[in-house]
Amino acid sequence: MNSDKIVNHISKWLLAYAKNAKVNGFVIGISGGIDSAVTSTLCALTGLPTLCVEMPIHQAESQVNRGKEHINQLKRNFANVDSTKVDLTNTFESFKNLFPTIASDNVELPLANSRARLRMTTLYYYAGTRNYLVVGTGNKVEDFGVGFYTKYGDGGVDVSPIADLLKSEVFELGRFLGVPQSILEAKPTDGLFGDNRSDEDQIGASYDELEWAMQQLAEGKNSTDFTVRNREVFEIFTRLNKANQHKMQAIPICKVSDEVKY
């Protein structure tokens, strides 16, 4: 992979898009993970103002520390990078307390998704006050493979500069761009549950496995073609891909013809 060429291509694309949209810069949430680290660096390379926002909600200390390390590195290397912190823990607790306690296994995920939506709202507040674009951090496997993101949460963005890159390619760009080693070595996590569970823990397969399954599906393969573990991974991928199509496709519009109207 030609990392230098890809970095140049994406940063130029971001700059051209921002100028065409007549905005002043970019705002991006920093999680302490590889995707936000690479994406924020690509934004910084445009030369436009780039605001990095920390938005902890009962966040694991390791995630907070990685995010701070990356932001400090960016600010040392780029004069156009600024940062702010909005601790949303109390906001989240107030939101959660609005609802009656429900003894159900179905509560944890909606609450986790609410964290992502509070962060989205925060980013758009800053975008609105500064005339910035909200920049997404989803990669190709998350956005178009298994739909591993929150609808109208981290999926609520203006531009998605790394959405055509596989996770392995994002890591390769991270190494090329010199993001902190602590981020390169950390297990990917969405950080929405206030613990250290990884993406692999939630999905049941690693990103390398999911990339393999994504390729097999693109080639028209089916689960009967594989050994036991590969079959498990392929079935995980295809199940999530099917279940999360509502995230990947445009919102359905009920067409009402003139014949119906009149």
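Read-outs: derived from the displayed coordinates by stated rules, not from any lab. This structure is a prediction, so every number in the text was calculated from the model and none was measured. Glycine gets a Cβ as well: all are built from the backbone with ideal geometry, and neighbour counts include every protein chain shown.
Exposure proxy shown here: for Arg66, Arg76, Arg197, the number of other Cβ atoms within 10 Å sets the order, fewest to most, as Arg76, Arg197, Arg66. Cβ under 13 Å from Leu48's Cβ, Leu48 left aside: what net charge do those residues give with Lys, Arg +1 and Asp, Glu -1? Once positives and negatives cancel, what remains is +3.
For the chain, the membrane-span-like helices by this rule, meaning whole DSSP H stretches whose C-alpha atoms cover at least 30 Å of axis and whose Kyte-Doolittle mean is -1.0 or above, are 108-130; this says nothing about an actual membrane. Placing +1 on each Lys and Arg Cβ and -1 on each Asp and Glu Cβ, with no other charges, gives the chain a dipole about its Cα centre of roughly 840 debye. Packing-based ranking of 138-149, 224-235, 77-88 yields 138-149, 77-88, 224-235, ordered from highest to lowest mean Cβ neighbour count within 10 Å. The modelled label-to-label distance between Ala79 and Leu111, using points 7 Å beyond Cα along the C-beta direction, is 4.7 nm.
Think of the chain as having a plus end and a minus end, set by charges on the Cβ of Lys, Arg, Asp and Glu; of Val146, Thr227, Leu98, Leu98 sits farthest toward the positive end of this dipole. Here the dipole of region 1-152 is about 560 debye; that uses its Cα centre as origin and unit charges on the Cβ of Lys and Arg (positive) and Asp and Glu (negative). Residue pairs exceeding 20 angstrom between C-alpha atoms, taken from Lys140/Lys242; Lys22/Lys140; Lys140/Lys247: Lys22/Lys140.
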